[in-house]
Amino acid sequence: MFEALKRFFYKDNENRIIFWADDVTGFQPPVPAASLIPDWWKNTPSYGGFKGTEPNKKTMNFHSGADNATIKRCIPVLDSMSLGYLVVTPAELYVSPKEVTEKNVENGPTSEFLLFYPRRAERVDYHPWGQASRHPYGTKQRLAKVFTPWHVRLPKDHSLIITEPLNNPSEYWSVVSGVMDSDDFYPTLNFMVAIKDPNFEGIIPAGTPIAQLIPFKRDNWESVIVDSDNNSGKIITDNQVALNNRLSKVFHGAYKKLFWSKKEYR
């Protein structure tokens, strides 16, 4: 099946990520992360609202050239939330606390949950206690494994960073991060989660972000530490002078205007 998809989708553009389900599904597919920017960012004024300044009123210090921009004007923060794709809950997911099964286990779980989709639209499994009990998210409860209908495939030599949505933590759960070589390995996407509120019972809405998928090309890297010897010191000074010369050309928004490169995920 995938070879036919590969011939169709990779014929024109190698930078393509393919999502597919084993069966025809009406469930919500993964979406570009930029389409689900969180409300906290949308509701933050671009300027003001701190140090006694009026929200959305821009002021400037003409001595330093600095303005009263907020985090909403920080392009690296916006970039982080826009990278890659978001996998969302394909249907509503019910969460209910249940009796702890490993009561007599030393340092065992203190809470346990039952998670299920309506009409078992997708499955939810659970890791045995102890399998991940030293992971920061697994010290108090067994981690649930939430499945989705979707497989993902990347071009050759590409992998996926799988993480909690950056700068957009869920109110419901924490998600274990990982890296997967998705050019050759493409199982049904599933995620290890821990419910945050030990007393939570209710429905997690369909379309709730679960994880952010960020594709990258695998390569080998080597680190170089530049210290303060004579030659290195000159390199550092020359680079700082060049940077300051560029920064002095504009009053504000220097990073976006002079350094930033647009990233696009459709």
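The values are calculated or read from the model by the stated rules, or taken from the named source; none is laboratory data. Not measured: the values here are computed from a predicted model. All Cβ positions, glycine included, derive from the backbone under ideal geometry; neighbour counts span all protein chains shown.
Taking Val95, is it farther than 25 Å from Phe216 by Cα and in a strand (DSSP E or B)? In short, yes. Scanning segment 22-48 for residues that are out of contact with any helix residue (DSSP H, G or I) (no Cβ under 9 Å at 6 or more places or on another chain), at pLDDT 90 or above and surrounded by 15 or more Cβ atoms within 10 Å (Cβ to Cβ) yields Pro29, Pro30, Val31, Gly48.
Within segment 42-54, is there a residue that is out of contact with any strand residue (DSSP E or B) (no Cβ under 9 Å at 6 or more places or on another chain) and within 30 Å of Arg153 (Cβ to Cβ)? No, because not a single residue in segment 42-54 is out of contact with any strand residue (DSSP E or B) (no Cβ under 9 Å at 6 or more places or on another chain) and within 30 Å of Arg153 (Cβ to Cβ).
Which is modelled with pLDDT under 80, more than 20 Å from the chain's Cα centre (by Cα), closer than 30 Å to Lys140 by Cα and of a type outside the set (Lys, Arg), of Asn104, Asn13?
Just a single option satisfies the conditions, and that option is Asn104.
All of (1) in contact (Cβ under 8 Å) with a residue 60 or more places away in the chain; (2) under 22 Å from Ile195 (Cα atoms); (3) within 23 Å of the chain's Cα centre (by Cα) hold for Arg142 with one exception: (1). For segment 238-266, a tally of residues being free of Cβ contacts under 8 Å to residues at least 24 places away in the same chain, assigned to a loop (DSSP other than H, G, I, E, B) and among the hydrophobic types (A, V, I, L, M, F, W, C) returns 1.
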